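Visitor: Got a structure for you, written out below as structure tokens; questions coming shortly.
The values are calculated or read from the model by the stated rules, or taken from the named source; none is laboratory data. No experiment lies behind these values; they were computed from the predicted model shown. Note: ideal-geometry Cβ built from the backbone for every residue, glycine included; neighbour counts use all protein chains shown. Keep in mind that these areas ignore ligands, DNA and RNA; they rest on the heavy atoms of the full protein, side chains included. Shrake-Rupley method; radii C 1.70, N 1.55, O 1.52, S 1.80 Å.
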Amino acid sequence: LCARGAPSVSYPELKQLKKTNVLHIDVRERWEIDRFGKIPASINIPLGELVEALQMDPAEFKEQYNQRMPSKSDPVVFSCLAGNRSKQALGFAMSLGFS
């Protein structure tokens, strides 16, 4: 798991973060969600869709993902199966101006 500027977040840390106003984005492919299960209170945006999703109109984001679009200063955590894609997701988000 990757969160904000931190290189990784443990599962217990994620549980604590989820008690706050953090947005948890799971960047696994949809077939992985079907096979391995959804992480509660996360939204699935496959890595290949992430850059486009983070540049959507907020109303379109809400319609597509049933979640309010994060602002560039909102706390966001990215997760995947092994951690590689979540690190890529963090890099993509930061390149788009997310802090």
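Visitor: Calculate the spin-label point distance for LEU96 paired with GLU52, positioning each point 7 Å from the Cα along the beta-carbon direction, and give it in nanometres.
Guide: Those two pseudo-labels are separated by 1.2 nm.
Visitor: Just tell me which aspartates and glutamates come within less than 15 Å, Cα to Cα, of LYS19; anything on the same chain fewer than 8 places away is out.
Guide: ASP74
Visitor: Test of the criteria: in the range 28-99, which trypsin sites (Lys or Arg not before Pro) are in a DSSP loop and have at most 15 other Cβ atoms within 10 angstrom of their Cβ?
Guide: Sparse-neighbourhood loop trypsin sites (Lys or Arg not before Pro): LYS38, ARG68, LYS72.
Visitor: With a 10 Å cut-off between alpha carbons and a GNM built on the chain, which of SER86, SER42, SER73 moves the most?
Guide: SER73
Visitor: Taking amide H atoms as placed 1.01 Å from N in the peptide plane, list the residues 5 or more away in sequence, or in a different chain, whose amide H sits under 5 Å from that of MET69.
Guide: LYS62
Visitor: Sticking with this one: Run lengths n ≥ 4 of DSSP H only: what is the helix-derived mean residue ellipticity at 222 nm for the chain, with -39500 (n - 2.57) per run over all residues, to the nearest 500?
Guide: -11000 deg cm²/dmol
Visitor: Dipole of the range 25-96 (Lys/Arg Cβ +1, Asp/Glu Cβ -1, origin at the Cα centre): which of ILE39, LEU54, VAL27 lies farthest to the positive side?
Guide: Towards the positive end, the residue furthest out is ILE39.
Visitor: Next up: When the accessible area of the range 25-96 is computed with all protein chains present and a 1.4 Å probe, what percentage of it is carbon and sulfur?
Guide: Answer for the range 25-96: carbon and sulfur cover 52 percent of the accessible area.
Visitor: Could you give me the radius of gyration and the Dmax of the chain, taking only the C-alpha atoms into account and expressing both in angstrom?
Guide: Gyration radius and largest Cα-Cα distance of the chain: 12.3, 33 Å.
Visitor: With viscosity set to 0.890 mPa s and temperature to 25 °C, compute the Stokes-Einstein D of the range 25-82, Rh being the Kirkwood radius across alpha carbon pairs; µm²/s, no decimals.
Guide: 206 µm²/s
Visitor: Right, here's the next one. Out of PRO40, PRO70, PRO58, any idea which swings most in a Gaussian network model of the chain, alpha carbons joined below 10 Å?
Guide: PRO40
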